[in-house]
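Report on the following structure.
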Amino acid sequence: MKKFLLVTLCIAVIAAITLSGYLMKGYSQRRTLKAALNINELPDSLKILDYSDYGVSSFRAEFYLSIPPTQFDSLIKGRSYEARSASTSDLEQQAIHPPVKIFAPVVLCKWGTATNRTIIFTNISKSLAYVVWDAN
């Protein structure tokens, strides 16, 4: 009986640790995205399709997002971005692992300097975005 209780307790602890890690990872990504965009709230319908971060003393985060086109403007309200046309080669130059086979950027919104910046690439319908955030 003691062995059964011990095994059950171990399984419950492992399940709790796994679940909390999963929840913290999602929360951390959304919190980092809010900091990158300088906004307080993300639209509930926003989905982070892919995320990666790099560095310790200089930090870079990259997000591949899905968002309803009507809510795209809520992503860019936190900063004064400079917009221009963009191409796949622009994305390849700025991102470490861009999803170029499934994402064709047409607009680039840029804020900041070479070492502290936020760059947002979006497709023509504004339903997909790729965000690059450098914080140094």
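Considering only region 124-136, how many residues are in a loop (DSSP other than H, G, I, E, B) and either over 18 Å from residue 48 (Cβ atoms) or aromatic (Phe, Trp, Tyr) (or both)?
Step one: list which residues in region 124-136 are in a loop (DSSP other than H, G, I, E, B), which gives 124-127, 136.
When the remaining residues are screened for being either over 18 Å from residue 48 (Cβ atoms) or aromatic (Phe, Trp, Tyr) (or both), the result is 124-125, 136.
Summing the residues that are in a loop (DSSP other than H, G, I, E, B) and either over 18 Å from residue 48 (Cβ atoms) or aromatic (Phe, Trp, Tyr) (or both) in region 124-136 gives 3.
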What pairs come out if I take residues in region 76-91 that are under 15 Å from residue 131 (Cβ atoms) and open to solvent by 40 Å² or more (accessible area, probe 1.4 Å) and pair them with residues that are in a loop (DSSP other than H, G, I, E, B) and among the hydrophobic types (A, V, I, L, M, F, W, C) whose C-beta lies under 7 Å away, six or more apart or interchain? 77/39
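Mind checking whether some residue in region 107-123 is more than 24 Å from residue 56 (Cβ to Cβ), free of Cβ contacts under 8 Å to residues at least 24 places away in the same chain, among the β-branched types (Val, Ile, Thr) and in a loop (DSSP other than H, G, I, E, B)? Give the derivation first.
Residues of region 107-123 that are more than 24 Å from residue 56 (Cβ to Cβ), as a first pass: 107-110, 120-123.
Next cut, free of Cβ contacts under 8 Å to residues at least 24 places away in the same chain only: 123.
Among the residues that remain, those that are also among the β-branched types (Val, Ile, Thr) are: none.
No, region 107-123 contains no residue that is more than 24 Å from residue 56 (Cβ to Cβ), free of Cβ contacts under 8 Å to residues at least 24 places away in the same chain, among the β-branched types (Val, Ile, Thr) and in a loop (DSSP other than H, G, I, E, B).
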So for region 105-114 (the condition being at pLDDT 95 or above and either among the basic types (Lys, Arg) or within 13 Å of the chain's Cα centre (by Cα) (or both)), does at least one residue qualify? yes
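Can you find, within region 35-83, the residue that is modelled with the lowest pLDDT among those that are of a type in the set (D, E, K, R) and more than 13 Å from the chain's Cα centre (by Cα)?
Just the residues of region 35-83 that are of a type in the set (D, E, K, R), to begin with: 41, 44, 47, 50, 53, 60, 62, 73, 77, 79, 82.
The next check asks that each one be more than 13 Å from the chain's Cα centre (by Cα); those that pass are 41, 44, 73, 77, 79, 82.
Numbers: 41: 95, 44: 90, 73: 94, 77: 95, 79: 95, 82: 96.
Across region 35-83, the extreme among qualifying residues is 44.
The values are calculated or read from the model by the stated rules, or taken from the named source; none is laboratory data. Just so we're clear, the structure is a prediction, and the values are computed from it rather than from any experiment. Note that each Cβ is placed from the backbone with ideal geometry, even for glycine, and that neighbours are counted across all protein chains shown. Note: areas computed on protein heavy atoms with side chains; ligands, DNA, RNA excluded. Shrake-Rupley method; radii C 1.70, N 1.55, O 1.52, S 1.80 Å.
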